[in-house]
Amino acid sequence: MSRYDVPTFIKWVGGKSSLLAQYDSLGLFPQKVDRYIEPFIGGGSVFFFIKRSYNPKEIYLSDRNRELVICYEVIQKDPKSLIEQLKVHKANSSEDYYYRVRDIDINFTLMSKVEIAARFIYLNKTCFNGLYRVNSKGRNNSPFGNYKNPSIYDENVIKDASALLYGANLSIASYEAVRDVAESGDFIYFDPPYYKISSTSSFTDYTDVGFTADDQLRLSMLFKELNKRGCLCMLSNSYCDFILDLYGDFNVNIISVRRMINSDGKGRNEIREVAITNYERTCHQASLFEF
Ligand SMILES: C[S@@+](CC[C@H](N)C(=O)[O-])C[C@H]1O[C@@H](n2cnc3c(N)ncnc32)[C@H](O)[C@@H]1O
């Protein structure tokens, strides 16, 4: 098994598992990570890699997607019950069952966290293209994927993910909350929904409120604030003038990517993205930008 094979238990649009080797070989991760913060955790591939490679002493993971963070909590604390519940979904799976499970009106007080997490993983693995999508009321509206044999879960992946999540602090929060925990020397990886270059180019509807150009601007201000605080910051985003203008004072690394999902599921071509860092590739600690 390669060190880049990370135990991602969901398919997540914009997931970074296929970019880990490229990021690593370009020397984009710092040399040492004692405290790690990731405020757009998504499918968690960067976290799993960092945890395995650097074993940080303190970890803070968050995302605005409530059901997603509940999945992490359940995988961390009760992987066995989750596997039992996933077995039930797997045994019953069909198109009709998918829509019945999808259309359950989630009641966060009445449903257990294990039920919420198992439902989320089941829908994620059986929906069209793994495209978790919510409408303006926050309800999942992804169509059925019609796969012959969807791999709904792998016990070993869930167990590995659980072990790596041991001790991590998890929270449902918007990215601004990193302000309250970030300290000088922390490594913070930001993987926000990407800035949309065209109306069909990328998918950003992970939550009911989306991520606007104003959000991108606020995020870049936070990046600059954390740079001043002495944090080591890395951020992935689209390669376009808007993003280059926001982060032009920092190191801009261009990354070539074969992206899988376009809005019609057909656009699978090579595109460019950026990975911005506020530290140099080799001499990280000594070279924070000064403002
Ligand atoms: C590009 S994905 C992250 C992908 C992740 N790095 C991976 O490898 O799977 C963006 C994530 O940002 C989350 N998100 C959207 N708006 C947010 C906000 N305001 N604050 C925190 N998370 C947000 C979405 O729920 C989604 O999980």
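Scanning the stretch 80-97 turns up no residue that is within 22 Å of the chain's Cα centre (by Cα), more than 17 Å from Thr277 (Cβ to Cβ), within 10 Å of the ligand (Cβ to nearest atom) and assigned to a helix (DSSP H, G or I).
Restricting the stretch 20-40 to residues that are surrounded by 20 or more Cβ atoms within 10 Å (Cβ to Cβ) and either outside the structural domain of Ile271 (by TED's automatic domain parsing) or not in a loop (DSSP other than H, G, I, E, B) (or both), the residue that is nearest to the ligand (Cβ to nearest atom) is Glu38.
Within the stretch 25-79, take every residue that is of a type in the set (Ser, Thr, Tyr) and in contact (Cβ under 8 Å) with a residue 12 or more places away in the chain and give me the one that is nearest to Ser2 (Cα to Cα).
The first filter runs over the stretch 25-79 and keeps only residues of a type in the set (Ser, Thr, Tyr), leaving 25, 36, 45, 53-54, 60, 62, 72.
This time we only want the ones that are in contact (Cβ under 8 Å) with a residue 12 or more places away in the chain, so: 36, 45, 53-54, 60, 62, 72.
On the way: Tyr36: 22, Ser45: 14, Ser53: 12, Tyr54: 16, Tyr60: 25, Ser62: 26, Tyr72: 23 Å.
Out of the qualifying residues, it is Ser53.
Sub-6 Å Cβ pairs linking a first residue in the stretch 231-252 that is in contact (Cβ under 8 Å) with a residue 12 or more places away in the chain to a second residue that is among the charged types (D, E, K, R), at least 6 apart or interchain, are Cys231/Asp186; Ser236/Asp191; Tyr239/Arg272; Tyr239/Glu273, ordered by first then second residue.
Inspect the stretch 41-62 for any residue being in a loop (DSSP other than H, G, I, E, B), at pLDDT below 95 and within 16 Å of the ligand (Cβ to nearest atom) and give the result as yes or no. No, the stretch 41-62 contains no residue that is in a loop (DSSP other than H, G, I, E, B), at pLDDT below 95 and within 16 Å of the ligand (Cβ to nearest atom). Could you tell me whether Ser162 is surrounded by 13 or more Cβ atoms within 10 Å (Cβ to Cβ), under 27 Å from Arg52 (Cβ atoms) and of a type in the set (Gly, Ala, Ser)? Yes; evaluated as a whole, the condition is true for this residue.
The C-beta contact set for the stretch 138-152 (first residue on the phi > 0 side of the Ramachandran plot, second residue surrounded by 13 or more Cβ atoms within 10 Å (Cβ to Cβ) and assigned to a loop (DSSP other than H, G, I, E, B), distance under 8 angstrom, 6+ apart or interchain) comprises Gly138/Thr207; Gly138/Asp208. Residues of the stretch 63-79 that are assigned to a helix (DSSP H, G or I) and within 16 Å of the ligand (Cβ to nearest atom): Arg66, Glu67, Leu68, Val69, Ile70, Cys71, Tyr72, Glu73, Ile75.
Confirm whether Thr204 is exposed (fewer than 14 other Cβ atoms within 10 Å of the Cβ) and either within 14 Å of the ligand (Cβ to nearest atom) or modelled with pLDDT of 95 or more (or both).
Numbers: exposed (fewer than 14 other Cβ atoms within 10 Å of the Cβ): no; either within 14 Å of the ligand (Cβ to nearest atom) or modelled with pLDDT of 95 or more (or both): yes.
Answer is no for this residue.
Can you confirm whether the stretch 102-115 contains a residue that is assigned to a helix (DSSP H, G or I) and of a type in the set (Ser, Thr, Tyr)? No, the stretch 102-115 contains no residue that is assigned to a helix (DSSP H, G or I) and of a type in the set (Ser, Thr, Tyr). Val257 passes every criterion in (1) in a strand (DSSP E or B); (2) of a type in the set (A, V, I, L, M); (3) modelled with pLDDT of 90 or more; (4) under 19 Å from the mean Cα position of the chain (by Cα) apart from (3).
Only one of the listed residues (Ser174, Ser199) is surrounded by fewer than 16 Cβ atoms within 10 Å (Cβ to Cβ) and modelled with pLDDT under 95. That residue is Ser199. If you check Tyr279, Tyr194 for being away from the ligand (no atom under 14 Å from the Cβ), modelled with pLDDT of 75 or more, in the same structural domain as Ala21 (by TED's automatic domain parsing) and in a loop (DSSP other than H, G, I, E, B), only one passes: Tyr279. Could you go through the stretch 125-132 and let me know if any residue there is on the phi > 0 side of the Ramachandran plot and either part of a helix (DSSP H, G or I) or surrounded by 21 or more Cβ atoms within 10 Å (Cβ to Cβ) (or both). There is at least one residue in the stretch 125-132 that is on the phi > 0 side of the Ramachandran plot and either part of a helix (DSSP H, G or I) or surrounded by 21 or more Cβ atoms within 10 Å (Cβ to Cβ) (or both).
The values are calculated or read from the model by the stated rules, or taken from the named source; none is laboratory data. Computed from a prediction, not measured in an experiment: that's the story for all the values here. All Cβ positions, glycine included, derive from the backbone under ideal geometry; neighbour counts span all protein chains shown.
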